[in-house]
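The values are calculated or read from the model by the stated rules, or taken from the named source; none is laboratory data. None of these values were measured; they are calculated from a predicted model. As a convention, Cβ positions derive from the backbone with ideal geometry for all residues, glycine included, and neighbour counts pool all protein chains shown.
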């Protein structure tokens, strides 16, 4: 497996562990006020990153492109900005990070579409 799928999968596993620990903490404290942030950490940090890693593992041509590393960095930035941004929004201390993180997440998914379409020609032959 090339470097990009490994980065996506390892980061996804790390975010899953953090998300699970956070979920256990919320359950133990019976305080689920930050559930939306926890959900986004699991959905984008674990699920989306694992799906992206799977795509790049199955398509080495796409994984070898410079676009793949940009995609990884953009997705990582989206999670790092969005999740704390949602926490801040839920606590009433501002929504700017949540908004910025949402845009980064949207751009990450758009870049994934570009990667898939760019490399679809080679897969259809």
Residue 88 under 21 Å from residue 19 (Cβ atoms) and in contact (Cβ under 8 Å) with a residue 60 or more places away in the chain: no
Qualifying residues in segment 26-59 (those that are loosely packed, with under 15 Cβ neighbours inside 10 Å and touching a residue at least 40 places away in the same chain (Cβ under 8 Å)) - the one nearest to the chain's Cα centre (by Cα): 54
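Would you call residue 86 closer than 11 Å to residue 44 by Cβ and surrounded by fewer than 19 Cβ atoms within 10 Å (Cβ to Cβ)?
Working: closer than 11 Å to residue 44 by Cβ: yes; surrounded by fewer than 19 Cβ atoms within 10 Å (Cβ to Cβ): no.
Taking the combined requirement at face value, the residue does not satisfy it.
For residue 78, indicate whether it is in contact with a helix residue (DSSP H, G or I) (Cβ under 8 Å, 6 or more places away or on another chain), modelled with pLDDT of 95 or more and over 12 Å from residue 101 (Cα atoms).
Values: in contact with a helix residue (DSSP H, G or I) (Cβ under 8 Å, 6 or more places away or on another chain): yes; modelled with pLDDT of 95 or more: yes; over 12 Å from residue 101 (Cα atoms): no.
Spelling it out, it is not the case that residue 78 is in contact with a helix residue (DSSP H, G or I) (Cβ under 8 Å, 6 or more places away or on another chain), modelled with pLDDT of 95 or more and over 12 Å from residue 101 (Cα atoms).
For (1) out of contact with any helix residue (DSSP H, G or I) (no Cβ under 7 Å at 6 or more places or on another chain); (2) assigned to a helix (DSSP H, G or I), each residue gets a yes or a no:
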| site | (1), (2) |
| --- | --- |
| 24 | yes, yes |
| 27 | yes, yes |
| 32 | no, no |
| 39 | yes, yes |
| 46 | no, yes |
| 54 | yes, yes |
| 67 | no, yes |
Contacts under 6 angstrom Cβ, first residue in segment 99-125 being more than 28 Å from residue 42 (Cβ to Cβ), partner modelled with pLDDT of 90 or more and surrounded by 11 or more Cβ atoms within 10 Å (Cβ to Cβ), 6 or more apart: 122/61
Residue count, segment 90-125 (criterion: crowded, with 19+ Cβ neighbours inside 10 Å and over 19 Å from residue 12 (Cβ atoms)): 3
Any hit, segment 14-23, residues being surrounded by 19 or more Cβ atoms within 10 Å (Cβ to Cβ) and either without any contact (Cβ under 8 Å) to a residue 60 or more places away in the chain or under 14 Å from the mean Cα position of the chain (by Cα) (or both): yes
